[in-house]
1. Any residue in segment 113-125 that is in contact (Cβ under 8 Å) with a residue 24 or more places away in the chain sitting within a Cβ distance under 7 Å of a residue that is surrounded by fewer than 19 Cβ atoms within 10 Å (Cβ to Cβ) and in a strand (DSSP E or B)? List the pairs, counting only those 6 or more apart or interchain.
2. Give Lys153, Lys172 a once-over and let me know the one that is at pLDDT 95 or above and either under 29 Å from Met53 (Cα atoms) or hydroxyl-bearing (Ser, Thr, Tyr) (or both).
3. Give the residue, chosen from Val173, Val166, Val184, that is more than 19 Å from Thr61 (Cβ to Cβ), aliphatic (A, V, I, L, M) and part of a loop (DSSP other than H, G, I, E, B).
4. What are the pairs, 6+ residues apart or on separate chains, where a residue within segment 36-64 that is on the phi < 0 side of the Ramachandran plot and of a type in the set (D, E, K, R) has its Cβ under 9 Å from a residue that is at pLDDT 95 or above and assigned to a strand (DSSP E or B)?
5. Considering segment 166-187 alone, what residues qualify as being touching a residue at least 24 places away in the same chain (Cβ under 8 Å) and under 17 Å from Pro41 (Cβ atoms)?
6. Just to be sure I understand, how many residues within segment 187-233 are exposed (fewer than 15 other Cβ atoms within 10 Å of the Cβ), of a type outside the set (S, T, N, Q) and in a helix (DSSP H, G or I)?
7. List the pairs whose first member sits in segment 216-238 and is under 18 Å from Phe202 (Cβ atoms), whose second member is in a strand (DSSP E or B) and acidic (Asp, Glu), and whose Cβ atoms are under 6 Å apart, counting only residues at least 6 apart or on separate chains?
Amino acid sequence: MNRTLLLAALAAASLTVTAARAAPDAAPPAPTPVATDATTPSAGDLLFERPQMKNTAPGSTITYDYLRRSGIVRGPYGPPISDEIKFTIEPGKSAESRDVRVQMFSGGNRIPAGPFVDMPGNPVLSLFLENHLKGLAGLLEANPRYLKNAIRKGMREKATITKTEVEFKGRKVEGWRIEMQPFVGDPLTDRMRGFDNLTYTFVTSPDVPGEIVSIQARATKPDGGELLEERLDYDQKDS
């Protein structure tokens with residue numbers, strides 16, 4: 001995926017969530033870190049440059065489970081949301097690209113999104129990040145461009161990339177874990193309302209359709225309490 005889509009993914013878009021459903025009972029198994037060698041790719045390559053959709057079969061469906069919850073009492077995020085993002089995959093113009101029809105959430109949560117035409121990269125990244133950044137900018141009463149630029153810089157300068165193993169279809173497959181805290185040390189920390197420790201974690205694997213295994217944005221209070229948990233997980237029941 002090119003740099004233009006990276007910018008779009010981190011831009012504050014007009015996405016919002018308006019209703020809630022119950023949170024899931026259990027999170028998927030956590031990836032297992034393994035040793036990293038000198039061939040470690042960059043965060044930008046893993047998330048935005050690879051042809052992630054080439055391993056998706058035309059005619060198939062991909063589902064991602066979405067969760068957002070916040071421990072801020074009477075906060076702007078409201079009650080927890082548990083929903084799904086579904087992709088219907090069709091052939092693109094090249095062997096590595098796909099046309100993608102999207103159902104982003106359901107019922108009162110539904111957000112118009114897509115379709116994405118001739119996509120080599122996985123559009124779930126842009127959908128998650130623009131929705132997340134919209135909510136974060138509203139919560140902090142912040143300039144979305146400032147937050148976007150901080151996350152871009154964090155991808156480039158603060159990301160830690162490690163090899164990992166992921167449970168997929170009853171076996172272990174190799175993958176990558178990308179983690180960063182883009183707002184640590186930010187000059188406007190005093191305006192972050194505790195969100196300066198916001199941690200982003202991405203897990204990818206070339207063996208998983210679309211390559212994106214999970215995305216998480218999490219911030220905690222000094223006592224360990226939860227400020228925000230927002231995550232997306234590949235649902236293996238469609239595999």
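The values are calculated or read from the model by the stated rules, or taken from the named source; none is laboratory data. The shown structure was predicted, so the numbers you read here are calculated from the model rather than taken from an experiment. Here the Cβ positions follow ideal geometry from the backbone for every residue, glycine too, while neighbour counts run over all protein chains shown.
1. Note: pairs meeting the criteria are Ala113/Val102; Val117/Asp99; Asp118/Asp99.
2. Lys172
3. Every option except Val184 fails the conditions.
4. Asp37/Lys163; Arg50/Thr204; Lys54/Arg98
5. Across segment 166-187, the qualifying residues are Val166, Val173, Glu174, Gly175, Trp176, Arg177, Ile178, Met180.
6. Within segment 187-233, residues that are exposed (fewer than 15 other Cβ atoms within 10 Å of the Cβ), of a type outside the set (S, T, N, Q) and in a helix (DSSP H, G or I) number 2.
7. Ala217/Glu230; Arg218/Glu229; Asp233/Asp65; Asp235/Asp65
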